[in-house]
1. Can you say whether Tyr69 is more than 19 Å from Thr108 (Cβ to Cβ), surrounded by 11 or more Cβ atoms within 10 Å (Cβ to Cβ) and either modelled with pLDDT of 85 or more or in the same structural domain as Lys99 (by the TED database) (or both), as far as the supplied structure shows?
2. Which members of the stretch 14-46 meet the condition of being touching a helix residue (DSSP H, G or I) at 6+ places or on another chain (Cβ under 9 Å) and not in a helix (DSSP H, G or I)?
3. So in the stretch 94-120, with the set limited to residues that are surrounded by fewer than 14 Cβ atoms within 10 Å (Cβ to Cβ) and β-branched (Val, Ile, Thr), which one is farthest from Ser64 (Cα to Cα)?
Amino acid sequence: MLVSELINGSQPNLALQIRKAIDKVNDSKIRSSIDWIEQQPNKSEIKLNCNYYCGKDLVLTNWSKSSLYDLDFGYGTPLRFSLRRGRNLDGIVILLGTKYDDGIQAYTSLIIEHMQKLEQDPEFKEFFQIS
């Protein structure tokens, strides 16, 4: 969606667009994607069609229902799960659950200038704790 549609559009239309996007990702679509990947001779050349750096794209992915805290690679289950810092990505939000299912962590990757603007936004500061 265009930002103007997102900001100025009606909530029912936004919900409908999200539902349509979710409905497109079904068993058939996933299997078709896997088949396509398997047919590629050089899988290392496969690139996502999304501009993660200084682009206009926003990627939001929800891992909050994943059982990350149930994983055990031989050292016991994790005490904490976080993402590595230092990646110069712009416009990625990853939602993760918490160890005790008492909330959601939102990892946001923005270039410095965009993050500084977000951190100064009064509405953002009202609802989010930055750590």
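The values are calculated or read from the model by the stated rules, or taken from the named source; none is laboratory data. This is a predicted model, so every value here is computed, not measured. Neighbour counts run over all protein chains shown; Cβ positions are idealised from the backbone, glycine included.
1. Spelling it out, Tyr69 is indeed more than 19 Å from Thr108 (Cβ to Cβ), surrounded by 11 or more Cβ atoms within 10 Å (Cβ to Cβ) and either modelled with pLDDT of 85 or more or in the same structural domain as Lys99 (by the TED database) (or both).
2. Ile46
3. Ranking the qualifying residues of the stretch 94-120, first place goes to Ile112.
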